[in-house]
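Data block below; observations after.
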Amino acid sequence: MKKIYAFLAAALMSASLFASPASVPTVADLAAVADLENDVVLCLYLPDDGSTCNDVYFVGSFTGWNADFTGCPKFEKLDGFDGWFFASAAYTEGIMGKPIQAKSDGSFDWKFQSGDPDAWNPLGGNEATIEKENGTESKVAYGSAGAYIYELKYWKEHNTPCVYVPKHKYTFVLKDPYCEENPEFVPQVAGDFNWDGIDMNEGTYEGDFAWILVIETEEGNAYKFKEKTLGWDNQLEYFDGSSWKKFDNRPLPVATQDTTLVFDYSNTENFRYPLCGLVSVEVEITATLPAGAPEIGVELMGSFDGGVWDGEGLLMEIDAETGDYKATIKANEAAEFKFREKGNWDNQLEQFDGAEWGVAGNFKVGEEWEDEGGKKVIILDLSDASEWRWKSPAQGIEQIKLTEDAHKVVVDGVLYIVRDNKLFNLQGAQVR
């Protein structure tokens, strides 16, 4: 009975939601109940047909985009104006916010927020800047304190207000391409119920092998498929006729009972896990690193064969003639790597993005390698001091610049710089 009542309430409210308001409050009406001098006062037409509906909250940057309504202002009825509600937040530069409808149990869910920009109809007061975000959502920014009066024509999920979302058991049956080179291959279903992913189990469906998972969750929750061992880099893709694309999050269907969803993705010309079946090859890496490379040595860290992100990495060799760092790895095109001081993540490469310095991202093997005489090689020039540096540069290294009369040398395995016939260590001190 509760489900039927909630469904009817939602249907009635959704129908009335598209009806225009009979009377519209003015800025003066809002000034009588709110501080327009210092606050953003958002006034919304949310028609109420008398049924019991859930609370609506003003959620935004002023509370850190809370995902549990903590500290978020609740919309209150505006006396004298049927269907009108208002909430306010102290104005600060760059303030943003939007209404979120609580679920039937009072909990928070991003699915039940205001719709895209077409859902907002300005009826008075200041104009907010409303942009489309994530396809069906609004990004709402307020340029000043004062009243913002809008008719909210619909929500991201049209069964709001009076949100009641039934739960069902959904059985996922997946017939899909294999990771032939990966004996540990396990497909997962990930979604609003668990974005880390839930392992599917081997089984049969109508006499055929399939991967199967049964979960109980709310209808409308988003889901997609990924592979366990290689994670989000190896999620199911489809071929659209010109290129491979990742599945967008798909919503679980509205249902009246437990539901079985069968996906036949066994046609490998149309569906794939992109990192399955990749073959590792030998790759030679030559890197000209920025000045101040650690004397103790530079390690290559990564996901290449035998590589690690924790523990010891691959110690690179120094070319005595050029001072470049070299290593040979075995890796597939999806592997990644980066440079650090031997045994020390506190001293790795940083990159300048045009505004500030930050830890450099991973280099992707397949994006960097080239073919030279049948061999895979990666040549990186990271010597530009305006773009690359070590996170903990050696003191005094800025005094040693590589110019026409300054170059690197290796003596007994230690890197030095020669300038004006004098030998300097990487801390800038003359040693000979």
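The values are calculated or read from the model by the stated rules, or taken from the named source; none is laboratory data. Note that the coordinates shown come from a computational prediction; the quantities given were computed from them, not determined experimentally. As a convention, Cβ positions derive from the backbone with ideal geometry for all residues, glycine included, and neighbour counts pool all protein chains shown. Remember, those area values only see protein heavy atoms, side chains included, never the ligands or the DNA or RNA. Shrake-Rupley method; radii C 1.70, N 1.55, O 1.52, S 1.80 Å.
Data table
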item: Probe 1.4 Å, accessible area per residue of region 109-222, Å²; result: 44 Å²
item: Diffusion constant of region 235-341 at 37 °C, which comes from Stokes-Einstein with the Kirkwood Cα-pair radius and 0.692 mPa s, µm²/s; result: 184 µm²/s
item: Stretch gain in nm, segment F239-I379, where the contour uses 0.36 nm per residue and the Cα spacing is subtracted; result: 47.2 nm
item: Segment K77-N344, length gained on full extension (0.36 nm per residue, minus Cα span); result: 90.2 nm
item: Share of carbon and sulfur in the accessible heavy-atom surface of region 261-403 [1.4 Å probe, %]; result: 44 percent
item: Across K167/K226; K342/K375; K103/K132; K342/K364; K169/K246; K153/K175, pairs whose alpha-carbon gap is larger than 31 Å; result: K153/K175
item: Label-point separation in nm, E216 to W357, each point 7 Å along Cα→Cβ; result: 5.5 nm
item: Segment T268-S392, extension gain: residue separation times 0.36 nm, minus the distance between their alpha carbons; result: 39.9 nm
item: Sequence-distant residues sharing a close amide H with N66 (under 5 Å, placed H); result: G60
item: Förster radius 51 Å - calculated FRET efficiency between E37 and N421 (Cβ-Cβ, nearest 0.05); result: 0.10
item: Ranked by how many other beta carbons lie within 10 Å on average, peptides 234-244, 165-175, 288-298 from highest; result: 288-298, 165-175, 234-244
item: Cβ-Cβ FRET estimate between V409 and T260, R0 fixed at 60 Å, reported to 0.05; result: 0.30
item: Shape of region 78-206, Cα gyration tensor, a/c cut at 1.5; result: prolate
item: Per residue accessible area of region 287-383, 1.4 Å probe, in Å²; result: 51 Å²
